[in-house]
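See structure below.
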Amino acid sequence: MMIDVQNLTKRFAGRTAVDGISFQVQPGEIVGFLGPNGAGKSTTMRMLTGYLPPTSGAACIGGHDVFHDSLKARREIGFMPENVPLYEDMRVAEYLTFRAALKGVKIREVRSSVERAMEYCGLGEVRKKMIGTLSKGFRQRVGLADALVHRPRLLILDEPTNGLDPNQIRQVRSLIAQLAGEHTILLSTHILSEVEMSCRRVIIINKGTIRADDTPEALAENLQSSGTVTVELQAGPEEVSEQIQGMGAVRRLASSDVGEGWHRYELRVEPGEEIRVELAELAAARHWRLRELTLHRATLEDVFVELTQRE
Amino acid sequence: MRTFLILLGKELRAFFLSPVAWVVLALFMVITGQSFSLSIGLLREKPSDFSIVRWTFFPQWFWYYYFFLFPLITMRLFAEEQRQGTLESLLTAPVRAWQVLMAKYTSAVIFYSVLWLPALLYFGLLHWIMRGEVEIPLGALGGSYLILFATGLFHLALGCLASALTRNQIIAAILGYALILLHFLAGTFLMYLSQENPDRMRPVLDQAVTMRHMDYFTLGLIDSRPLTYYVSGAILILVLTHQVLEYRRWKA
Ligand SMILES: Nc1ncnc2c1ncn2[C@@H]1O[C@H](COP(=O)(O)OP(=O)(O)OP(=O)(O)O)[C@@H](O)[C@H]1O
Ligand SMILES: [Mg+2]
């Protein structure tokens with residue numbers, strides 16, 4: 001087991017940031033860690049990397065307790081902290097060399113490790129530049145290069161794409177996809193499409209507790225709001241609702257007049273129910289003209305909103 | 001040990017690549033050089049109770065610049081790290097907080113020692129040029145260096161403590177200066193008390209009055225008690241600094 005978190009809790013002066021969370025991550029998994037601002041993502045990551053001691057509970061990285069066996073646990077981790085703190089007055093290559101040596105890369109291999117990390121993250125052209133003069137995107141890449149320079153088994157990335165433009169986000173995403181084979185990755189982000197693309201598993205945390213832990217697809221499927229069917233018919237609401245109410249799977253119906261006798265209906269259906277065929281047949285039997293029939297699957301965004309906004 | 005050396009290397013590089021450090025070094029060479037040549041002039045005019053060593057290292061204006069030196073050296077050490085947030089990346093690497101602390105402190109001690117090296121060169125030159133016509137009092141020279149080093153250890157530790165307490169370099173400098181001055185003034189206050197009441201105060205005095213220590217040591221009178229005082233004081237303050245760093249990180 002790569003990460004084993006048991007009842008981890010962190011209290012700051014009277015406020016509980018992380019409230020007894022437990023989860024496991026197996027080697028090779030890529031896990032997205034989601035939650036609204038202040039949910040406790042960064043706090044959890046800081047505990048996993050040994051920066052903050054837990055108030056109670058325990059966490060192990062590769063079998064080493066992060067608090068009692070901290071150095072061993074930290075050796076397994078490449079961590080990219082939130083906002084990527086860096087030494088402004090060091091040069092890129094110099095910084096990475098320092099970091100590689102510090103994280104225990106053998107002296108003979110420091111150079112090649114740094115070169116490899118810089119190539120991976122596209123830092124070749126800025127290697128001699130002062131970190132303080134870099135743009136946000138390049139700073140972010142330096143942070144990423146730092147996290148993986150010593151080839152750790154586990155990468156913990158706190159909002160690696162925070163503040164990047166769409167091109168850069170895409171680059172970082174493909175970088176993460178490349179890293180996936182070699183490393184276990186736990187990453188937090190607010191960009192849900194990113195998670196849907198790169199992560200096979202999502203943990204959603206809100207107010208310090210875990211609200212969901214599953215694949216993105218499974219989460220969307222289980223979501224209560226899953227299955228909204230939109231249908232546009234040339235038929236009046238009274239007639240349609242009378243017919244449709246008879247279909248057991250429909251829970252809610254909303255209609256709107258879109259002109260020339262056309263009406264647009266939104267149908268909430270029970271999770272997992274398929275009513276489109278039935279609807280089409282109904283329309284044909286009643287001689288309603290039909291011009292649209294769509295099933296909307298719940299997106300991760302729907303899941304996120306549902307789980308973190310509902311009180 | 002390897003970790004410590006890597007950290008120390010980084011700190012030393014930060015010192016010797018920073019322009020402030022070179023300004024301090026240059027200023028310091030001017031100050032000691034000026035004191036040195038003035039003291040030669042002084043001693044040529046009339047004999048003095050004090051040796052050339054004493055006049056060089058501790059001219060009248062010594063106390064004006066001596067205390068400024070330490071905050072200048074130490075203010076950046078932890079404050080800057082805390083401002084940039086780099087303590088987080090540093091302490092999530094397989095590194096112990098005390099290794100970071102000792103590396104920073106050691107680098108400050110090394111820089112401080114380097115500041116005093118040119119003076120040694122002046123004496124060497126003097127000796128070489130005068131071909132033994134002037135006697136350099138080696139005991140006094142050794143004593144001066146020893147007491148400067150010992151007080152340095154102590155004051156640099158105070159500077160580190162100040163720097164750990166804040167994320168603002170300027171505040172760290174002011175705070176460090178205040179701590180050092182406070183310790184010094186406490187010593188002079190004791191000295192003042194002892195004039196009222198010489199016998200009872202004597203033992204206390206010998207322990208904690210920096211000015212008195214310097215007087216003795218520059219005469220070549222080397223005493224182990226003040227050395228113990230400064231070294232153990234430095235250790236105590238470093239332990240305190242470690243606690244401050246951990247507390248600020250964990251801030252429960
Ligand atoms: N050092 C600290 N002292 C006091 N409270 C803290 C400290 N660090 C975090 N908190 C609080 O703990 C809670 C969780 O913060 P955390 O930074 O873990 O959130 P997050 O999920 O990373 O949010 P974001 O998406 O904004 O980065 C917040 O309410 C925050 O105010
Ligand atoms: Mg955060």
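The values are calculated or read from the model by the stated rules, or taken from the named source; none is laboratory data. Model, not experiment: these values are computed from the prediction. Using ideal geometry, Cβ is built from the backbone for each residue, glycine included, and neighbour counts are taken over all protein chains shown. All accessible areas refer to the heavy atoms of the entire protein, side chains included, with ligands and DNA or RNA removed. Shrake-Rupley method; radii C 1.70, N 1.55, O 1.52, S 1.80 Å.
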Original post:
Would you call A:VAL92 among the aliphatic types (A, V, I, L, M) and either within 16 Å of ligand 1 (Cβ to nearest atom) or more than 14 Å from chain B (Cβ to nearest Cβ) (or both)?
Top reply: yes
**OP:** Tell me, yes or no, whether the range A:215-228 has at least one residue that is in contact with a strand residue (DSSP E or B) (Cβ under 8 Å, 6 or more places away or on another chain) and more than 30 Å from A:LEU34 (Cβ to Cβ).
**Re:** no
Subject >> Subset tally (residues that are buried (at least 17 other Cβ atoms within 10 Å of the Cβ) and farther than 19 Å from A:THR44 by Cα) for the range A:174-190 >> reply: 5
Subject >> Residue that is nearest to the other protein chains (Cβ to nearest Cβ), among those in the range A:20-45 that are touching a Gly at 6+ places or on another chain (Cβ under 9 Å) and more than 16 Å from ligand 2 (Cβ to nearest atom) >> reply: A:GLY20
**OP:** Check A:SER42, A:SER56, A:SER22 and return the single one that is under 27 Å from A:LEU123 (Cβ atoms), in contact with a strand residue (DSSP E or B) (Cβ under 7 Å, 6 or more places away or on another chain) and open to solvent by 10 Å² or more (accessible area, probe 1.4 Å).
**Re:** A:SER42
Subject >> Matching entry among A:LEU267, A:LEU223, A:LEU219, A:LEU233 (being under 16 Å from A:GLU292 (Cβ atoms), within 35 Å of the chain's Cα centre (by Cα) and either at pLDDT 80 or above or surrounded by 14 or more Cβ atoms within 10 Å (Cβ to Cβ) (or both)) >> reply: A:LEU267
Original post:
Tell me, which residue of the range A:119-139 that is open to solvent by less than 20 Å² (accessible area, probe 1.4 Å), part of a helix (DSSP H, G or I) and under 19 Å from A:ASP89 (Cβ atoms) is nearest to the other protein chains (Cβ to nearest Cβ)?
Top reply: A:ILE131
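Tell me, please, whether a residue that is under 30 Å from A:ASP89 (Cβ atoms) and of a type in the set (Lys, Arg) can be found in the range B:67-80.
yes
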Original post:
Got a number for residues in the range A:59-77 being facing chain B (nearest Cβ under 10 Å) and open to solvent by 50 Å² or more (accessible area, probe 1.4 Å)?
Top reply: 2
Original post:
Are any of the residues in the range A:77-98 part of a helix (DSSP H, G or I) and basic (Lys, Arg)?
Top reply: no
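Yes/no per residue for (1) more than 14 Å from chain A (Cβ to nearest Cβ); (2) at pLDDT 80 or above; (3) in a helix (DSSP H, G or I):
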{"position": "B:ALA14", "(1), (2), (3)": "no, yes, yes"}
{"position": "B:THR74", "(1), (2), (3)": "yes, yes, yes"}
{"position": "B:LEU77", "(1), (2), (3)": "no, yes, yes"}
{"position": "B:ALA93", "(1), (2), (3)": "no, yes, no"}
**OP:** Among the residues of the range B:69-103, write down those that are within 20 Å of B:LEU175 (Cβ to Cβ), open to solvent by 10 Å² or more (accessible area, probe 1.4 Å) and of a type in the set (D, E, K, R).
**Re:** B:ARG76, B:GLU80, B:ARG83
**OP:** Being more than 20 Å from A:GLN6 (Cβ to Cβ) and out of contact with any helix residue (DSSP H, G or I) (no Cβ under 8 Å at 6 or more places or on another chain) is the filter here, so list the residues in the range A:179-192 that pass it.
**Re:** A:GLY181, A:GLU182, A:HIS190
Original post:
For the range A:4-62, which strands (runs of 3 or more DSSP E) that fit wholly inside it have 1 or more residues that are within 12 Å of ligand 1 (Cβ to nearest atom) and closer than 24 Å to A:SER198 by Cα?
Top reply: A:15-25, A:30-34
Original post:
Among A:GLY163, A:GLY208, which is the only one that is over 13 Å from the mean Cα position of the chain (by Cα), open to solvent by less than 10 Å² (accessible area, probe 1.4 Å) and within 16 Å of ligand 2 (Cβ to nearest atom)?
Top reply: A:GLY208
